[in-house]
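Every read-out reported here was derived from the displayed coordinates using simple, explicitly stated rules and does not represent laboratory data. In this text, all values refer to a predicted model and were calculated from it rather than measured experimentally. Here Cβ is always computed from backbone atoms with ideal geometry, including for glycine, and neighbour counts include all displayed protein chains.
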Amino acid sequence: MGDKDGVHVLLVSFAAQGHINPLLKLGNRLVSKGLHVTLATTEILRQRMLDSKITTKEKNSQIHLEFFSDGMSLDFDRKNNIDYFLEQLEKFGPKNLSSLIETLSVNEGRKFSCIVNNPFVPWVADVAQEHGIPCAMFWIQPCSLYSIYDRFYNNLNQFPTVTNPDKPVDLPGLPLLEKDDLPSFVLPSNPFGGFPKLFSKLFRELEKVNWVLGNSFYELEKDAIESMENLHPIRPIGPLVPSILLGKDLPSDSRMDMWKAEEACINWLDKKPPSSVIYVSFGSIVVLSSKQMENIAWGLKNSKRPFLWAAKPPEHPSSDGSGELPTGFLKETEEQGLVVSWCPQSKVLLHEAVACFVTHCGWNSTLETICTGVPVIAFPQWTDQPTNAKLLVDVFEMGVRVRADEDGMVSKGEVERCIGEVTEGPKAAELRKKAVEWKEAARAAVADGSSDRNIQLFVDDVRCKAMKEL
Ligand code: UDP
């Protein structure tokens, strides 16, 4: 293993695209600082990689991959039974992870000096405690969200209630947040039980973790980060994104894709003029209603601009046509646009033909667009996305946000209006200028700036604790 000082760190992740990759990037950073890294996640991810015949860059990396069972059969539909799945994971995950830690220690002498969990597996902190191993939490959303949830789950501020659902929220370090800017889990209308339960456990038991690291950078969220200093401090160490987005293409860069990317879209982009293409993606989880798909489709067509739309078909198609393109759309726009199911997003955002990104504002996509200086049309759906949209538009000032009609639907006219606003005229130039400034700031933070200093402090602390154990 090329052991330098024998300090091993175990990263534990929820098996989702947007969770594994930032943790792998964290693993790369820790390896580059001389630590040994293992990443453990649930068996379903191994199965998905085998099914999709995905070859990952992970095979070449110095990160060990391990899998444990979430207690359910591999063909169980986790996505459409999310609350039940989370319950089962919380029931079986701790036992199975604990045996894995035991096996690696006894059979391979891999003794961990620190365990890093991510927010959707808060019970990992209990497993760490049981084994007497210090634990860090790697917060994979903006630090602003960390601040909102800490104040919400620990009842430190007032939030909308059933009797006062439209109450705006005024929190230190953040702009005034209206109902539509808040993460959906804190709203009385939130229909999901499982995720808020996880977050509630996480934020009420923050004293179980020795460090909180964030996938952001100080300059980007300075006020929100400072507002947490006297509560539960968070140390930003990002953006942890593919190294190619930070101006380097490191061969050791680890990445896992749950779907195979259609590389041919890069050849298609090569033939387009600079800053001409509208790139559209709603990430790996969101499935839009058929009406919303239709409005986006015709809005793109009416904009008369070239577009690249990564529209992953739903894994479990429903009879109401959710997530499907309108009939005839592909034929009608074959000269204008390209639709793929999954694209190499980093390469797309780096491509000079791309003018703007219509995004659901998942935090990974947000960081990726920041690192490439591409302005956005924010089109949030749920969880942290509405708040990320607010940040992109009002704090980072690098995009515009779609406005929904009374029925919650964004019309085709609105899609077309936003495309015009972000691509033409003086406002568009301002947005692009701001986006490019953030790109430079992000690169500086990870090169030898604020994020690099924070990660070094963490590594030194882990080493120091490990030495005391000897
Ligand atoms: N992504 C990709 N190809 C696509 C769409 C998305 O590689 O066609 C990647 C994207 O680069 C990002 C991740 O998938 O790293 C999506 O994570 P995000 O947090 O933005 O959204 P989520 O999928 O978790 O909702």
Near the amide H of LEU338, under 5 Å away, which other amide H atoms are found, from residues 5 or more places off or on another chain, if H is placed in the peptide plane? PHE307, LEU308, TRP309
Round to a whole angstrom and tell me the spacing of the C-alpha centers of region 106-166 and region 265-306. 35
Relative contact order (percent) for the chain, with alpha-carbon contacts under 8 angstrom and 6 or more residues of separation? 15
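Using the Kirkwood radius over Cα pairs, work out the Stokes-Einstein diffusion coefficient for region 390-470 at 4 °C and 1.567 mPa s, in µm²/s as a whole number.
80
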Potential lengthening between SER276 and LYS222 on full extension [0.36 nm per residue; Cα-Cα distance subtracted]: 16.1 nm
Cβ-placed point charges (K, R +1; D, E -1), dipole of the chain about Cα centre in debye, nearest 20: 740
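Only helices at least 30 Å long along their own axis, judged from Cα atoms, and with Kyte-Doolittle mean hydropathy of 1.0 or greater: name those in the chain from DSSP H. Kindly include the intermediate steps, with their values, before the conclusion.
On the way: long enough: 82-108 (35 Å, -0.16); 425-447 (34 Å, -0.50).
None pass (Cα extent of 30 Å or more, hydropathy at least 1.0).
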Got a sec? Charge dipole of the chain, +1 on Cβ for Lys and Arg, -1 for Asp and Glu; which of GLN345, VAL358, GLY420 is way out at the positive end? GLN345
Calculated on alpha-carbon atoms, Rg and Dmax of region 279-414 in Å: 14.2, 40
What does the extension gain come out to for SER32 and GLU102, with contour length at 0.36 nm per residue minus their alpha carbon separation? 22.6 nm
Would you mind estimating how fast region 342-429 diffuses translationally, via Stokes-Einstein at 4 °C and 1.567 mPa s with the Kirkwood radius over Cα pairs, in µm²/s? 98
Taking 409-417, 108-116, 292-300 and ranking on average Cβ neighbours within 10 Å, highest first, one gets 292-300, 108-116, 409-417
Roughly what % of Cα-Cα distances in region 228-292 sit above 15 Å, to the whole percent? 77
Given the C-alpha centroids of region 333-385 and region 437-456, what is the distance between them in whole angstrom? 22
Rg in Å to one decimal, and Dmax rounded to a whole Å, for region 245-354 via C-alpha atoms: 14.8, 45
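Could you compute the FRET efficiency for GLU229 and PHE76, with r as their C-beta to C-beta distance and R0 at 41 Å, rounded to 0.05? Mind showing how you got there, number by number?
Values: r = 43 Å, r/R0 = 1.05.
For R0 = 41 Å, the calculated efficiency reads 0.45.
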Taking max minus min of the Cα coordinates of the chain on each principal axis, largest first, gives extents in Å of 66, 51, 46
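Does region 184-226 come out rounded, prolate or oblate, given a ≥ b ≥ c as the square roots of the eigenvalues of its C-alpha gyration tensor, rounded meaning a/c under 1.5 and, failing that, prolate meaning a/b above b/c? Could you put the intermediate results ahead of the total?
Working: a/c = 3.03, a/b = 1.47, b/c = 2.07.
Here region 184-226 falls in the oblate category.
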All Cα pairs of region 80-177, percent lying beyond 16 Å: 69
Efficiency of FRET from Cβ geometry, LYS427 and LYS291, R₀ 45 Å, rounded to 0.05: 0.95
Label 7 Å along Cα→Cβ of ASP320; region 394-416 residues with amide nitrogen under 20 Å? 404-412
Residues with amide H under 5 Å of ILE133's amide H, sequence separation 5 or more or different chain, H placed in the peptide plane at 1.01 Å from N; which? none
Among ILE82, PRO94, MET137, which residue has its Cα positioned farthest towards the positive end of the charge dipole of region 20-167, with +1 placed on the Cβ of Lys and Arg, -1 on the Cβ of Asp and Glu, and the dipole taken about the Cα centre? MET137
Summing -39500 (n - 2.57) over every DSSP H run of at least 4 residues in the chain and dividing by its residue count gives a helix-only mean residue ellipticity at 222 nm, to the nearest 500 deg cm²/dmol, of -12500 deg cm²/dmol
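Working out 0.36 nm times the residue gap between ASN190 and VAL162, then minus their Cα-Cα distance, what length gain in nm do you get to one decimal? Walk me through the intermediate numbers first.
Working: separation 28, 0.36 × 28 = 10.08 nm, distance 1.08 nm.
Gain on stretching ASN190 to VAL162: 9.0 nm.
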Under the Karplus relation with 6.51, -1.76 and 1.60 and θ = phi - 60°, whole-Hz ³J(HN,Hα) for region 215-221, x at Gly and Pro, equal 8, 7, 9, 3, 4, 6, 10
Förster-model FRET efficiency, 25 Å R0, LEU330 and MET409, C-beta, rounded to 0.05: 0.65
